[in-house]
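Asker: Here it is, the structure, as structure tokens.
The values are calculated or read from the model by the stated rules, or taken from the named source; none is laboratory data. Keep in mind the model is a prediction, meaning the values are calculated, not measured. Neighbour counts run over all protein chains shown; Cβ positions are idealised from the backbone, glycine included. We work out accessible area using only protein heavy atoms, side chains counted, and drop any ligands, DNA or RNA first. Shrake-Rupley method; radii C 1.70, N 1.55, O 1.52, S 1.80 Å.
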There are 4 protein chains.
Amino acid sequence: MGIQERKERERERRRQQIIVAAKRVFSESGFNRSTMEDIAKEAELSPGTLYLYFKNKDELYASLSLRILQYLIIRLEHVTGNDELSPQQKVDALVDAMFDVYDFDPLVIINMFHLQSSETLKNLSEELLSEIEKLSRKSLGAIGNIFKEGIDAGIYIDKHPIALADIFWSMFSGVILWETSKKIINDDKDYLKSTLKAAFEIFVRGLKK
Amino acid sequence: MGIQERKERERERRRQQIIVAAKRVFSESGFNRSTMEDIAKEAELSPGTLYLYFKNKDELYASLSLRILQYLIIRLEHVTGNDELSPQQKVDALVDAMFDVYDFDPLVIINMFHLQSSETLKNLSEELLSEIEKLSRKSLGAIGNIFKEGIDAGIYIDKHPIALADIFWSMFSGVILWETSKKIINDDKDYLKSTLKAAFEIFVRGLKK
Amino acid sequence: MGIQERKERERERRRQQIIVAAKRVFSESGFNRSTMEDIAKEAELSPGTLYLYFKNKDELYASLSLRILQYLIIRLEHVTGNDELSPQQKVDALVDAMFDVYDFDPLVIINMFHLQSSETLKNLSEELLSEIEKLSRKSLGAIGNIFKEGIDAGIYIDKHPIALADIFWSMFSGVILWETSKKIINDDKDYLKSTLKAAFEIFVRGLKK
Amino acid sequence: MGIQERKERERERRRQQIIVAAKRVFSESGFNRSTMEDIAKEAELSPGTLYLYFKNKDELYASLSLRILQYLIIRLEHVTGNDELSPQQKVDALVDAMFDVYDFDPLVIINMFHLQSSETLKNLSEELLSEIEKLSRKSLGAIGNIFKEGIDAGIYIDKHPIALADIFWSMFSGVILWETSKKIINDDKDYLKSTLKAAFEIFVRGLKK
DNA sequence: AATGAATGAGATTTCATTCAT
DNA sequence: AATGAATGAAATCTCATTCAT
């Protein structure tokens, strides 16, 4: 391993350290009430250092979403790549994958929405932006493909797979957001999961011919 | 019309003037990037005047949601109160109502989520807060009742009506949020509506036994 | 009584009504935290009306002091004008007068100091300012005269009477301020009065040859 | 000197720099009319920097008093600790100490009163507050002890030493406030000092049996 | 590379004062 | 004369970002 590479690896480790701290702090306080200083403290670094790894606060925030997307894609590829599964089984596996994503970072969705706010986007580097778009498209594509198999097999209604993927993702994120927003009254993770389960069930029933 | 009443009416007109301006500004820039001064300017008033009608920025923001909820409930009551409709027709009417709500204020959902953030809640008056909760519960109840009729009629699967209402609302808000968040790429209101339509269709199909 | 005079009297009644309200509000909250609106509300008038009777907030505040000074002078003249009292008895009567002043408005002193702040003075009309100065000089003169009688009678040490009056007044105000400032710990009016009594006692003892 | 220590020292220097600037500005304009921006400008710092060293405006203000109290106590301990002085000499030394305190910061007294206002107290940290209380009690105790020696020696009238200390302090602060408040007319520091001297003289005479 | 002190623009909110009615 | 809605200047405080060390 060359010196160059070791340095690069070291740099990546730092970035992750910051991202992990940021995730904790953002989860705790939301975007606006989280300060760069809080995050620096959580990462046991100085505020200035954060800016050596992320152009600004928005870009740091966006990186969280990127991380989720990467995780999501890995999980999805695991499903799409498994040729032994029937179309139906793939959809089931997809639902399981979504649960995993939720467990990986329950705030994923809120992150993703914040990310999309037009003001935020302005602050992102072209590079990060296109990376996010690429992964976003890729994951929706993967989800779409899963549905497509069912459509092609004649067991699902004939809708545009990407539109179905959009709806599927919307439902997933809608349930999480809505149930989370009610958390003041009911901070019950299991209730959220059971709602999520019921929602997926209805969705899948609705897909069937 | 007494002098008292005329004043009250005048005051209400002012409140609406501010709410309309706030809606425009918040829609444009989101909560955090909208300043009270922006809103004042939009309403052609001075910043100080806003505070004669709303205790603070959070309360002004929350009032937007209240307005939507009031509209939503009126539309829902119109549906539930119509005895001539079959359970199926009521669900169709419910879907229509949701479209109207969306047309009334496409940002309704984002408002409702911001509203729930615990930091925001702290700044609201007890009165406004309980009003919102009341209306919120009432509208979910009304939606639930519509589903209940279908369940009782034996045409829908047997799930708890309020849970169904939660999912229905989640899907509605999820689609709007997701499609809106993509608006940078595709600011096509019709596409959103068609997605919404497809989502409702799948949901309703999924409900059926 | 002519119409002119009746009007004048009516006007004066209003002024007093406002002053009384202002006294209550200022006492409650201090100068800075008292708003003109609070005072208007207390006086059951509108904010605008206050400005028909007082040029500005500072001038309203200053009028409180003027009222105290007027009361003080009446009480002092009562003492100096009583030829039946011995010099010693006059000093005793002076002390009694100060207690009365304190009872009339315990915040007198704080008022008087606020009054003197140079920034406040700038906002006062020439007229009000000279009136206050006149009364202030007059009352210190009266106090000085009481001491002078004792000095002339050979029972008090030979200091400039006005200087003694200054010290006497300083002590009076100092005790009130200091004990009031400790009120958070000990809000005991009787304790304040007993301290005031002890202070006067020492002062008078110190005067004696 | 370690790096830690050097930093600590640097930080303390900054604090003092701010305190000195604040003292100047507050002296000039009083608490309310002094803005944090004025103070920052005087200290040749930015407003934000002030908040790195003081939690808020009230706490900055209170720190001025703390500084005076510290100085006062040092001076008082110098007196009480000097066993070679007779009770009378100690009282004389006490008077000298008060002059020094006055020279150290003529606005000491105004500070101390503002400090006690209940609204101000709310904004102070528990820590600062208890420090001030401690020092305040300590200094009044020390003054009381000086008087106690005279009482025990049988040369002073038999009053509670702390009550005497209260009166002594009240007189001291009363004279300063009163004379300062007249400064618009007569900004003569020597006159103030001579009044202070005369006041102390009378007080001490009044103490004697 | 890392630090962290310092910056300073900017946001919310208050309130003395005005003025059309 | 009285009103009170509206004004808008001003003040405190926060925090993303920079830069000298």
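Asker: Pick from D:E179, D:E133, D:E201, D:E119: which is surrounded by 20 or more Cβ atoms within 10 Å (Cβ to Cβ) and within 10 Å of chain C (Cβ to nearest Cβ)?
Answerer: Answer to the selection: D:E179.
Asker: Mind checking whether some residue in segment D:40-47 is out of contact with any helix residue (DSSP H, G or I) (no Cβ under 8 Å at 6 or more places or on another chain) and within 14 Å of chain C (Cβ to nearest Cβ)?
Answerer: no
Asker: Then there is this: Return the only residue of A:K138, A:K182 being in contact (Cβ under 8 Å) with a residue 40 or more places away in the chain and among the basic types (K, R).
Answerer: From the options A:K138, A:K182, the qualifying one is A:K138.
Asker: Could we say that A:L164 is in contact (Cβ under 8 Å) with a residue 24 or more places away in the chain and either crowded, with 22+ Cβ neighbours inside 10 Å or within 7 Å of chain B (Cβ to nearest Cβ) (or both) here?
Answerer: Yes, satisfied.
Asker: Any residue at all in segment A:23-35 that is part of a helix (DSSP H, G or I), in contact with a Phe, Trp or Tyr (Cβ under 8 Å, 6 or more places away or on another chain) and not assigned by TED's automatic domain parsing to the domain that holds A:V175?
Answerer: Yes; the residues of segment A:23-35 include at least one that is part of a helix (DSSP H, G or I), in contact with a Phe, Trp or Tyr (Cβ under 8 Å, 6 or more places away or on another chain) and not assigned by TED's automatic domain parsing to the domain that holds A:V175.
Asker: Sticking with this structure for a sec: Could we say that A:K159 is open to solvent by 20 Å² or more (accessible area, probe 1.4 Å) and either more than 8 Å from chain B (Cβ to nearest Cβ) or modelled with pLDDT under 90 (or both) here?
Answerer: Judged against the criteria, A:K159 is not a match.
Asker: Ok, one more. Test B:R13 against the stated conditions and say whether it is under 22 Å from the mean Cα position of the chain (by Cα), away from chain A (no Cβ under 14 Å), modelled with pLDDT of 90 or more and open to solvent by 60 Å² or more (accessible area, probe 1.4 Å).
Answerer: yes
Asker: Of the residues B:Y53, B:Y102, only one is within 15 Å of DNA strand E (Cβ to nearest atom), of a type in the set (S, T, Y) and open to solvent by less than 70 Å² (accessible area, probe 1.4 Å); which?
Answerer: So the residue among B:Y53, B:Y102 that is within 15 Å of DNA strand E (Cβ to nearest atom), of a type in the set (S, T, Y) and open to solvent by less than 70 Å² (accessible area, probe 1.4 Å) is B:Y53.
Asker: Further question: Which residues, counting only those in segment B:46-85, are more than 14 Å from B:I132 (Cβ to Cβ), away from DNA strand F (no atom under 16 Å from the Cβ) and without any contact (Cβ under 8 Å) to a residue 40 or more places away in the chain?
Answerer: B:I74, B:R75, B:H78, B:G81, B:N82, B:D83, B:E84, B:L85 - these are the residues of segment B:46-85 that are more than 14 Å from B:I132 (Cβ to Cβ), away from DNA strand F (no atom under 16 Å from the Cβ) and without any contact (Cβ under 8 Å) to a residue 40 or more places away in the chain.
Asker: Of the residues C:A97, C:A93, only one is open to solvent by less than 10 Å² (accessible area, probe 1.4 Å), within 22 Å of C:K193 (Cα to Cα) and at pLDDT 90 or above; which?
Answerer: Residue meeting the stated conditions: C:A97.
Asker: Just to verify a result, which residue in segment A:56-84, among those that are within 24 Å of the chain's Cα centre (by Cα) and over 20 Å from A:L107 (Cα atoms), is nearest to DNA strand E (Cβ to nearest atom)?
Answerer: Per the stated criteria, the residue is A:N56.
Asker: Checking the structure you have, find out if any residue of segment A:36-45 is more than 13 Å from DNA strand F (Cβ to nearest atom) and either under 21 Å from the mean Cα position of the chain (by Cα) or open to solvent by 60 Å² or more (accessible area, probe 1.4 Å) (or both).
Answerer: Yes, the conditions are met somewhere in segment A:36-45.
Asker: Give the residues of segment C:18-35 that are near DNA strand E (Cβ under 8 Å from one of its atoms) and crowded, with 18+ Cβ neighbours inside 10 Å, sorted by residue number.
Answerer: Across segment C:18-35, the qualifying residue is only C:S34.
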